[in-house]
Amino acid sequence: MRRRDFLKAGGALLAAAPSGCAAPSPPSVREKAHVVVVGGGYAGATAARHLRILDPSIGVTLVEVEGAFEACPVSNQVLGGFRSPVDAARPYTALERRHGVRVVHDRVVAVDAQRRVVKLERGDAIPFDRAIVAGGIDFMFEDMPAMARPDVASRVFHAFKGAAQTAGLRRQLEQMRDGGVFAIAIPEAPYRCPPAPYERACQVAAYFQAAKPRSKILVLDANGDLTSMGGLFRKAWSELYGGMIEYRPNSKAVDVDVGAGMIKLELEDVKADVMNVIPPMKAADVANPFITVNHRWCEVDWLTYESKAAPGVHVLGDSIQIAPVMPKSASMANAQAKVCAQAIVALLAGEAPNPAPTLLNACYSMVSPKLAIHVASVHKYDPKERTMRAVPGAGGLSPAMNEAEARYAANWVLETWADALE
Amino acid sequence: MSSRPLRKLSLVAAVGLSCALPALSQQVQFPAPQFAPPNLTPRGVAGLAMNCAICHGPGGRPVAGSGIPALAGRPEREVVEAMRQFKEGSRAGTLMSQIAKGYSDEEIVAMARHFSALGAKAPR
């Protein structure tokens, strides 16, 4: 409610701005083709910027409900209190002014692949020649109905999407008594950003160490072991945080009892002062018509990212049915977006897309305010299997947590923003 | 509601399909990848080079104050030599020593040439 009012006010301000003030120009009648990008995150905004750089005769509209680009990878540091929410957001202004992307802040109601039109909640529908659906993830509340109830949703945060969730959980952590228990419930893989929950345990532990040292962190993992960088995280937990973090594998959360302050697992209940329950995830609801796997994910052609369900619609980022050992990461979304932008330019010119695309993945996790670890991989196209495969022998993990990579991680945030926005 | 059994079914199907050829003992393994030959056309190389942006900055020009070296405008030979050392392990690195192994020698030369041709001061 408040966000929408704020956005409305923002829209009114924009509309009232003098025309000399570089207000976004309407789509030109001269443009060769029009691409509508749904979602302005690591996938969508990066694709929009690169499309305009590669071929300025292609008109691009980016539809994003939020007023600014929220860097989810920074959110765990915000939870720890080591970065401010202001550090985690950046405006879309340069994308509009420098690159001529028309940015529309609205909610997409439907991507109609047949009529080739994107329908908006408030604004007029936008026709497209090609659409890019990059909405990230939504949650499978049917697997955890309590999390969808308003009384629970206002008191138990997933903090896995949107700055309001991060702010809500941070507030609870600040209000928690010293000696309290903070529990993180992790869903079965695949979910977005595999190392994120483990990094979250580190960041909150660093906060507790300084502010409420008698507290405890319970990591309730539905998976049989850590899904990413397990050895490195376990080492960080024991060396940096003593016994503060307790890890429980095969502990799948199925329900939440807010009144009792309990997370219900399959076999037992766990009491916690602050509950961070991350429900299972699926492709963003806006991508529902393009879901082809298990009612959850969207299959794509890896040369173009065109949906297997609808020609003319491309799907990027966390909504995709991943290839073998491919993470749902911001880094991967950035890489996919650039392959997709190149492919769309080729397709609109009547040419074949690159037959040998390469994706690079580099994910950093901050295990303390000053130490980081990474996981990296290089993925290339296998034409026989028609999928992306990791290059054997390439990529890997940090040998140990270190300070240099904490600086690289901070740079990564700035450079991926630049690659998407500037 | 019934997503869980479905999920398992399709996993079995996916593994089954990908393992149609190799021996039964390798049931959870995928066959060795057979990658497409590298695309060394200007567009193909530009595509490869775009991947470097997340650390070295868009166009190979890092943000001010970044400790990560620029690539734009660097002499071709310098970049090729550094990548060769990263690849064979004679030069220490955090990520580069691992990532360099993902590229063929031809791809490395082509990317180095691409970056050296970009002006160091052109917009990012």
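Results, tabulated for the structure shown:
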read-out: Unmet criterion (only one of (1) within 19 Å of the chain's Cα centre (by Cα); (2) closer than 20 Å to residue A:389 by Cβ) for residue A:343; value: (1)
read-out: Output for region A:368-397, where each listed residue is more than 7 Å from chain B (Cβ to nearest Cβ) and in contact with a Leu (Cβ under 7 Å, 6 or more places away or on another chain); value: A:368, A:373, A:375, A:379, A:388, A:397
read-out: Residue, most open to solvent (accessible area, probe 1.4 Å), within region A:241-252, restricted to residues that are part of a loop (DSSP other than H, G, I, E, B) and modelled with pLDDT of 95 or more; value: A:250
read-out: Test result for residue A:126, under 30 Å from residue A:345 (Cβ atoms), within 22 Å of the chain's Cα centre (by Cα) and either small (Gly, Ala, Ser) or open to solvent by less than 40 Å² (accessible area, probe 1.4 Å) (or both); value: no
read-out: Among the residues listed as A:228, A:238, the single one being part of a helix (DSSP H, G or I) and either at pLDDT 95 or above or crowded, with 23+ Cβ neighbours inside 10 Å (or both); value: A:238
read-out: Test: residue in region A:36-58 that is small (Gly, Ala, Ser), open to solvent by less than 10 Å² (accessible area, probe 1.4 Å) and more than 24 Å from residue A:359 (Cβ to Cβ); value: no
read-out: Residue satisfying all of: in region A:253-297; open to solvent by less than 20 Å² (accessible area, probe 1.4 Å), part of a loop (DSSP other than H, G, I, E, B) and within 14 Å of chain B (Cβ to nearest Cβ); nearest to residue A:215 (Cα to Cα) among these; value: A:279
read-out: Matching entry among A:365, A:331 (being under 17 Å from the mean Cα position of the chain (by Cα) and more than 10 Å from every other protein chain (Cβ to nearest Cβ)); value: A:365
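Each row is one residue, and each column tells you yes or no for (1) β-branched (Val, Ile, Thr); (2) open to solvent by less than 20 Å² (accessible area, probe 1.4 Å).
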residue: B:45; (1), (2): yes, yes
residue: B:59; (1), (2): no, no
residue: B:76; (1), (2): no, no
residue: B:96; (1), (2): no, no
residue: B:103; (1), (2): no, yes
residue: B:109; (1), (2): yes, no
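The values are calculated or read from the model by the stated rules, or taken from the named source; none is laboratory data. These numbers come from a predicted model, not from an experiment. Cβ: placed from backbone, ideal geometry, glycine included. Neighbour counts: every protein chain shown. Heads up: the accessible areas ignore ligands, DNA and RNA and are worked out on the full protein's heavy atoms, side chains in. Shrake-Rupley method; radii C 1.70, N 1.55, O 1.52, S 1.80 Å.
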